[in-house]
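Everything on this sheet refers to the single structure shown next.
What follows draws every value from the coordinates through simple rules; no lab data is involved. Keep in mind that what you see is a predicted model, and the values were worked out from it rather than measured. Positions of Cβ are generated from backbone atoms using ideal geometry, with glycine treated the same way; all protein chains shown enter the neighbour counts.
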Amino acid sequence: MDKIKGKVIVLGDDVDTDQILPGYAMAESYDQLGKFAMAGLAGVDFKAVYEPGCILVAGRNFGCGSSREQAPIALQQAKIALVIAKGFARIFRRNSINIGLPVWVADVADGLKTGDRIEVDLEQGTVTVNGETKQFQPMAENVVKTLSYGGLIPRVRAELGITE
């Protein structure tokens, strides 16, 4: 897996699925969910700081709330490159990995501010900010493998030799 480089958007604790993808967006066409990513976020004008390839950095319990699988899909469609948080709601984390959206448990927020640019190596567990590299627990090998295939279904299909 390649290193991920991007602009950081720093968020707090308990960013729930209603903030990631508001309930009203559920009525929209599946392929339009990305337009509503983070539209329910309180305290941050997401559209003002967003750019494709952003890296979201959050605190504890990212993706809590409902188990709507459309929330990570919206982030993926919005071209969020990576979500790093102190912790994730279990179902949100699993849904993200299953669709190929990289999510990594690491406490990297200290000293970061929205607009900073970072480089992340998930396999090595490193984050580089302004030339300084910090070490964290690397992403699990099995998760890296699933993400390298683009998600769980593409991985299973490839491992079973299903090409249709």
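Think of segment 1-150 as a dipole: +1 on every Lys or Arg Cβ, -1 on every Asp or Glu Cβ, centred on the Cα centre; then among Val10, Gln77, Gly125, Gln77 lies furthest on the positive end. 3J(HN,Hα) couplings calculated from phi for segment 41-55 with the Karplus curve 6.51 cos²θ - 1.76 cosθ + 1.60 (θ = phi - 60°) are, in sequence order, 5, 8, x, 9, 7, 4, 4, 6, 10, 6, 8, x, x, 4, 10 Hz; Gly and Pro show x. Maximal additional length on extending the Thr163-Asn98 stretch stands at 21.5 nm, based on 0.36 nm per residue less the C-alpha distance. For the chain, adding -39500 (n - 2.57) for each run of n ≥ 4 DSSP H residues and dividing by the number of residues yields -6500 deg cm²/dmol at 222 nm.
Principal axis extents of the C-alpha atoms in segment 69-120 (largest first, rounded to whole Å): 31, 21, 15. Scalar couplings 3J(HN,Hα) for segment 159-164, obtained by applying the Karplus form with A = 6.51, B = -1.76, C = 1.60 to θ = phi - 60°, are 5, 8, x, 8, 10, 6 Hz; x denotes Gly and Pro. The trypsin sites (Lys or Arg not before Pro) of segment 1-100 that meet both conditions, a loop assignment by DSSP and at most 15 other Cβ atoms within 10 Å of the site Cβ, are Lys3, Arg60, Lys79.
Between Asn98, Asn130, Asn61, find the one with the highest GNM mean-square fluctuation for the chain; connect C-alpha pairs within less than 10 Å. Most flexible of the set in this elastic network: Asn130. Once both labels are positioned 7 Å from their Cα atoms along Cα-to-Cβ, the gap between Asn142 and Lys79 label points is 3.4 nm. The Glu132 and Val105 beta-carbon pair, evaluated with R₀ = 30 Å, returns a calculated FRET efficiency of approximately 0.90.
Only Lys, Arg, Asp and Glu carry charge here, each on its Cβ (+1 for the first two, -1 for the last two); on that basis the chain has a dipole of about 60 debye about its Cα centre.
Net charge within 15 Å of Glu119 by Cβ-Cβ distance, Lys/Arg positive one each and Asp/Glu negative one each, not counting Glu119 itself? So the surrounding residues net to 0.
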